[in-house]
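This report refers to the structure that appears directly beneath it.
The values are calculated or read from the model by the stated rules, or taken from the named source; none is laboratory data. Predicted model only: the values in this text are computed from it and were never measured. Neighbour counts are summed over all protein chains in view; Cβ atoms, including those assigned to glycine, are modelled from backbone coordinates with ideal geometry. Ligands, DNA and RNA are excluded from the accessible area calculation, which covers all protein heavy atoms including side chains. Shrake-Rupley method; radii C 1.70, N 1.55, O 1.52, S 1.80 Å.
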Amino acid sequence: LLAGDLGSPLGARRFDAVVANPPYVAEAEAPELAPEIREHEPRLALFSKEGGLAHSRRLAGWLGDHLVATGCAAVECAAQRAAATRDLFAAALGAPWSVRLASDLAGRGRAVVVEPRSAAED
């Protein structure tokens, strides 16, 4: 295990797969969280600026430099910002990558999935 800010402790390494659960709750949503989450989880693990998108935006940029060309990634996101999160990953990563949403059991978009465009088209 390595502690640090997003991928910073990993250096310049490249990865075949990345799975991440970055902070994605907007500060304004704090009252809506269940008390056991709001009162016991570290704020650093929950809240992200820019309406809950700041960490996802940084992670999307990081993936462009650290995911091998045949790699894939899955990143948890807030259901209410799923489309916006998908769009920021697509914009950051560009044409070689397919970026889509994966749904939870309730049918809500809850994860951004990144994979090479050719693999997604098969």
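Please give the contour-minus-distance gain from Glu27 to Val113: 0.36 nm per residue of separation, less the Cα-Cα distance, rounded to one decimal in nm.
Values: separation 86, 0.36 × 86 = 30.96 nm, distance 2.50 nm.
Difference between extended and current length: 28.5 nm.
Calculated mean residue ellipticity at 222 nm for the chain: -8500 deg cm²/dmol, from DSSP H runs with n ≥ 4 weighted as -39500 (n - 2.57), summed, divided by the residue count and rounded to 500. Relative to the current alpha-carbon distance between Leu1 and Asp65, full extension at 0.36 nm per residue lengthens the span by 20.9 nm.
Over the chain, what relative contact order in percent results from Cα pairs under 8 Å that are six or more residues apart? Don't skip to the answer; put the middle values down first.
Numbers: 188 pairs, mean separation 30.8, N = 122.
25 percent.
When each of the peptides 17-28, 96-107, 45-56 is scored by the mean number of other C-beta atoms lying within 10 Å of its residues, the order from highest to lowest reads 45-56, 17-28, 96-107.
Using a 1.4 Å probe on the protein heavy atoms, what percent of the accessible area of the chain belongs to carbon and sulfur? After summing per-atom areas, the C and S share lands at 56 percent.
So how tilted is helix 54-66 from the main axis of the chain? Cα-based, degrees 0 to 90, rounded to 10. Tilt relative to the chain: about 20 degrees. Once the Cα atoms are used to define both axes, helix 82-93 deviates from the longest principal axis of the chain by about 40 degrees.
Between Ala83 and Arg43, how many nm apart are label points set 7 Å from Cα along the C-beta direction? Placing both labels 7 Å along Cα→Cβ, they lie 3.2 nm apart. Rolling a 1.4 Å probe over the protein heavy atoms gives the chain an accessible area of 59 Å² per residue. Expressed as a fraction of 2.2 N^0.38 Å, the C-alpha radius of gyration for the chain is 1.08.
Just add up the charged neighbours of Glu29: K/R +1, D/E -1, any other residue whose Cβ is under 14 Å from the Cβ of Glu29. Around Glu29, the charge tally is 0.
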